[in-house]
Amino acid sequence: MRLTRILKRTRGVRNELLEMAKKSQQPVSIGDFLTWLYKERNFAIISGFKSLMEKRYRTSIDAVNNFFESDLNKLGPDLHAATYTLKMGGKCRLHGYSKWISLEDEKIENVLPKQYTKNFNVEGIDLSKTVIKSDGISNIESCQDLKTLVLKECNFADDWLLSRISHAFSNTLEHLEISNCHNVTDNGLITLAYLKNLKSLKMENLHNAKNKEYISILLEEHAETLIVDGVDHLSEESLKSIEQKLTLEEDKLRKIVETNKK
């Protein structure tokens, strides 16, 4: 079992197993050890095991966010993006089709072509609830006609990721959702101004974007066709935030005017 292999590689666990085996004069199973660990409240080993698992988890996340350049060269930008998206547990939509493609229980070779295919154009990508990070965007940013990108509930999506999206798809992206991406802040939202043709932006529950109401107004003013969803501009908190920002802008303007008069 994978858990057994991990536990036995941990020095503290291995030593305790040997000691327990000596006392009982028979091999001790991992199940027996875990029962003993719980009863004895051996927090040092518990903490070490937790740290080991967290390290392995972070390593696996980084691995799937690598840039797979050889696959890009072999499959072409759009087929590579679709293949990467489906392997990450996401969905994609092709140009001219309304149905989203996903793996579900299918093998990827039964869903997508195995080699470069002419006129294979990805128009929509949904990476919701995946572990996509800014580095992983390298695998989809070569799509020339991407119009829809959904990144709902992506725990590793942050300001760097939004910045990469904004520059990679500045001329094509029309619809973007980043709801429940809790690592996104005001700095990331501001970069969305680079998306020249953005028509809809959904950004519910961005708890770390403290001025999202004010920024959403600026984004809508910057792109006349843009509609931002998921922001309550009329709440007391929103109005207070907007008022504070406007006051700061007025103070800056006043100082500039006074400086020019001198």
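The values are calculated or read from the model by the stated rules, or taken from the named source; none is laboratory data. None of the values given here were measured: they were computed from a predicted structure. Cβ placement follows ideal geometry from the backbone for every residue including glycine, while neighbour counts extend to all protein chains displayed. Quick note on the areas: whole protein, heavy atoms, side chains included, nothing else; ligands and nucleic acids left out. Shrake-Rupley method; radii C 1.70, N 1.55, O 1.52, S 1.80 Å.
For ASN73, which of the numbered conditions (1) farther than 27 Å from GLU204 by Cα; (2) open to solvent by 40 Å² or more (accessible area, probe 1.4 Å); (3) in contact with a helix residue (DSSP H, G or I) (Cβ under 8 Å, 6 or more places away or on another chain) fails to hold? Of (1) farther than 27 Å from GLU204 by Cα; (2) open to solvent by 40 Å² or more (accessible area, probe 1.4 Å); (3) in contact with a helix residue (DSSP H, G or I) (Cβ under 8 Å, 6 or more places away or on another chain), only one is false for ASN73: (3).
Of all residues being assigned to a loop (DSSP other than H, G, I, E, B) and either touching a strand residue (DSSP E or B) at 6+ places or on another chain (Cβ under 9 Å) or among the charged types (D, E, K, R) (or both) in region 76-102, which is surrounded by the most Cβ atoms within 10 Å (Cβ to Cβ)? Just the residue, please.
My answer is GLY90.
The rows are residues; the columns are (1) closer than 28 Å to GLU177 by Cβ; (2) at pLDDT below 85; (3) surrounded by fewer than 17 Cβ atoms within 10 Å (Cβ to Cβ).
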{"site": "MET203", "(1), (2), (3)": "yes, no, no"}
{"site": "ILE215", "(1), (2), (3)": "yes, no, no"}
{"site": "LYS245", "(1), (2), (3)": "yes, yes, yes"}
{"site": "ILE256", "(1), (2), (3)": "no, yes, yes"}
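Please tell me if SER179 is farther than 26 Å from ASN66 by Cβ, hydroxyl-bearing (Ser, Thr, Tyr) and open to solvent by less than 30 Å² (accessible area, probe 1.4 Å). Break it down stepwise before answering.
Numbers: farther than 26 Å from ASN66 by Cβ: yes; hydroxyl-bearing (Ser, Thr, Tyr): yes; open to solvent by less than 30 Å² (accessible area, probe 1.4 Å): yes.
Taking the combined requirement at face value, the residue satisfies it.
Quick check on region 134-141. Is at least one of its residues touching a strand residue (DSSP E or B) at 6+ places or on another chain (Cβ under 6 Å), under 24 Å from ASP62 (Cα atoms) and open to solvent by 20 Å² or more (accessible area, probe 1.4 Å)? No, region 134-141 contains no residue that is touching a strand residue (DSSP E or B) at 6+ places or on another chain (Cβ under 6 Å), under 24 Å from ASP62 (Cα atoms) and open to solvent by 20 Å² or more (accessible area, probe 1.4 Å).
Within region 112-126, the set of residues being assigned to a loop (DSSP other than H, G, I, E, B) and open to solvent by 20 Å² or more (accessible area, probe 1.4 Å) comprises PRO113, LYS114, GLN115, TYR116, THR117, LYS118, ASN119, PHE120, ASN121.
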